[in-house]
1. Can you tell me which of (1) farther than 15 Å from A:Leu80 by Cβ; (2) more than 13 Å from chain B (Cβ to nearest Cβ); (3) of a type in the set (Asp, Glu) is the one A:Asp125 doesn't meet?
2. Could you say whether any residue in region B:230-244 is under 21 Å from the mean Cα position of the chain (by Cα) and either without any contact (Cβ under 8 Å) to a residue 40 or more places away in the chain or at the interface with another protein chain (Cβ under 10 Å from one of its Cβ atoms) (or both)?
3. Taking the criterion of being over 30 Å from A:Gly121 (Cβ atoms), within 14 Å of chain A (Cβ to nearest Cβ) and in a strand (DSSP E or B), would at least one residue in region B:198-211 satisfy it?
4. So which residues in region B:123-155 are open to solvent by 50 Å² or more (accessible area, probe 1.4 Å), part of a helix (DSSP H, G or I) and either touching an Asp or Glu at 6+ places or on another chain (Cβ under 6 Å) or polar (S, T, N, Q) (or both), if there are any at all?
5. Please go through region B:239-292 and pick out each residue that is β-branched (Val, Ile, Thr) and open to solvent by less than 10 Å² (accessible area, probe 1.4 Å).
6. How many residues are of a type in the set (D, E, K, R), in a loop (DSSP other than H, G, I, E, B) and open to solvent by 20 Å² or more (accessible area, probe 1.4 Å) if we restrict to region A:172-191?
7. When region B:285-295 is examined, which residues are found to be touching a Lys or Arg at 6+ places or on another chain (Cβ under 9 Å), more than 10 Å from every other protein chain (Cβ to nearest Cβ) and not in a strand (DSSP E or B)?
8. For residues that are at positive phi and in a strand (DSSP E or B), tally how many sit in region B:107-122.
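The values are calculated or read from the model by the stated rules, or taken from the named source; none is laboratory data. Fair warning: this is a prediction, and the values are worked out from it, not measured in the lab. Please note: Cβ atoms are built from the backbone with ideal geometry, for glycine as well, and neighbour counts cover all protein chains shown. Heads up: the accessible areas ignore ligands, DNA and RNA and are worked out on the full protein's heavy atoms, side chains in. Shrake-Rupley method; radii C 1.70, N 1.55, O 1.52, S 1.80 Å.
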Amino acid sequence: MRAIRITALAAATAAAFLLGACSSTPEDEQAPAGVESRDAGAGKPGAGTSGVGRPPVASVDLTDKQKDRMSMLKDPNSILSKRSVYFEFDKYDIKDEFKPVVEAHAKYLRDNPGAKMLIQGNADDRGGREYNVGLGQRRSDSVKKMLILLGAKEPQIESVSLGEEKPVCGEQSEGCWSKNRRGDMLYGGEY
Amino acid sequence: MQRLLAGRFAVLVLTLFLSVPLARAQLSIEITGAGAQRIPIAIVPFAGEAALPPGITSIVRADLERSGLFRGLELPPLNPHPTEASSLDYAEWRARLADAVVLGSIATRPDGRFEVRFRLHDAVKQTPLGGVAYTMAKGQVRATAHRIADYVYEKLTGEKGVFSTRIAYVVKRGKRFELQIADSDGAEPETALASFEPIISPVWSPDGRRLAYVSFESKKPVVYVHSLQDGKRHVAANFRGSNSAPAWSPDGTRLAVTLSREGGSQIFVMNPDGSGLRRLTSSAAIDTEPRFSPDGQWLYFTSDRGGSPQVYRMRASGGEPQRVTFEGSYNVSPRLSPDGKSLAYITRNGGKFQVALLDLTNRQVQILTDSDRDESPSFAPNGRMILLATVIGGRGVLSAVSSDGRVKQRLTATAGDVREPAWGPYIQ
């Protein structure tokens with residue numbers, strides 16, 4: 001017990017430190033740009049001068065693309081920001097209304113072979129917890145299967161189940177249960 | 001059930017003397033049904049027990065009454081106060097309507113520990129049945145009381161007592177989940193694991209030293225094996241996909257688990273360290289909740305291969321499953337009784353989820369509970385009681401019912417939801 005507590009504490013402290021480190025150096029607080037870039041400009045390629053002889057170097061910035069991609073996944077105007085597929089009671093087929101969402105994510109996974117996805121399947125809380133883990137697994141497997149049919153690669157996707165353990169709605173009503181019968185698509189970095 | 005209990009429905013609330021910090025979930029026990037014939041027993045306060053609150057005999061009496069098989073008699077002050085050394089006037093105890101009498105004393109030893117001596121008498125046959133002396137430290141009053149209750153219980157009923165055993169369960173309070181271990185009466189809970197993610201399906205290793213369970217701490221179900229004594233835990237199954245529903249083989253050398261690594265939910269067996277993995281079921285269905293029979297020969301499990309979840313069994317080495325439950329359209333969570341002769345499971349009965357008991361010899365099914373959201377039945381090691389989780393007033397509570405359906409108890413925590421009980425083995 002003690003060992004675990006200490007480890008957890010250490011992890012929490014490390015996390016707090018990292019968070020602190022990030023927040024203490026926001027971009028607008030860096031050293032004045034003018035000083036840093038005074039000499040660098042002279043050596044930059046493609047400034048319009050000719051004959052000085054250094055071959056050009058084109059810049060590829062993956063961090064920007066990553067940002068673009070992540071913002072695309074989070075942009076409320078993009079269908080990719082929609083991550084949930086809802087299921088009928090005791091069912092695991094994907095209803096027509098959710099097919100465009102799954103298709104969009106399949107395209108995204110196709111276009112970004114390095115992207116990884118975790119699909120968490122969920123069940124409402126009626127019945128046995130372990131059988132509900134099984135039902136949630138069926139739902140996440142169902143989403144995974146459709147993504148693969150649409151061109152995503154199997155190693156990109158892990159489908160798991162949270163059973164009835166992570167409800168988004170806690171009441172005993174069909175309105176609530178239907179919100180909990182769900183598959184959620186999460187990308188690497190989001191879980 | 002109502003018919004069975006009619007006329008002898010008794011409600012007794014025993015507030016347990018829990019001198020534990022408030023942060024712990026205290027379980028208090030309410031007995032809501034008792035056996036038809038309860039043995040009237042006089043448990044005379046032990047000489048010297050006042051120095052060790054809450055009083056050893058009050059715990060012995062609460063244990064015996066909770067079984068539903070005993071009724072503790074109210075006693076007037078006795079002068080002179082009898083002890084285990086006293087010669088007993090049996091006629092006097094028969095006049096007080098006692099069938100059995102427990103007498104004892106507690107003395108301080110030179111080393112600061114205590115010596116507890118007691119003797120049990122059969123007042124009907126007018127004969128002593130035996131006695132024991134225990135040496136205990138100050139903090140062992142409860143443990144000693146449970147042992148005395150086990151002794152009395154076994155002498156008078158002929159079956160082994162389970163008061164010294166422990167139970168495991170999960171408490172959810174706000175966003176916090178705690179896997180707790182408590183005495184069989186819910187007293188003195190200790191937290192084995194605290195987490196902000198769910199913990200389900202704890203199961204005791206046969207030696208009572210380890211628990212296997214499912215934790216969602218890595219955003220998916222992973223099976224862990226956790227040593228209670230030192231808190232060391234290791235991942236037993238963390239394959240791609242979901243890992244759940246662990247079950248120990250009776251010899252403690254193998255774990256059956258449900259894995260989705262090859263698609264769907266299928267049953268595998270492996271060593272407790274995750275090695276030696278072998279797939280046992282091969283279906284397009286959900287196959288889950290494996291449980292070994294006490295002789296280790298069979299695996300009972302839940303499967304919806306026939307269209308609805310039902311209990312099946314197969315050889316522990318694999319092979320063609322046979323269907324076990326036939327009544328109803330939803331039968332899950334199979335648990336074999338310790339003698340292997342009956343099967344407890346959860347059945348959906350007119351929209352209610354209740355504990356059913358199937359006699360594997362004559363195929364009779366009896367519904368044991370009248371609650372409506374029962375889960376996770378768990379036999380006491382002597383097979384007499386079944387612990388279960390249910391929901392009362394929107395809150396998760398533990399409850400227990402005797403395997404004949406007559407005795408009922410409810411264990412309520414002061415705060416939070418209690419679920420996923422598992423009754424531990426006999427203390428070795």
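1. Checking A:Asp125 against (1) farther than 15 Å from A:Leu80 by Cβ; (2) more than 13 Å from chain B (Cβ to nearest Cβ); (3) of a type in the set (Asp, Glu), the one that fails is (2).
2. no
3. Taking every residue of region B:198-211 in turn, none turns out to be over 30 Å from A:Gly121 (Cβ atoms), within 14 Å of chain A (Cβ to nearest Cβ) and in a strand (DSSP E or B).
4. B:Gln140, the sole residue that qualifies.
5. B:Val257, B:Thr258, B:Ile267, B:Val269, B:Thr281, B:Ile286, B:Thr288
6. The total comes to 1.
7. B:Ser293, the sole residue that qualifies.
8. Count: 0.
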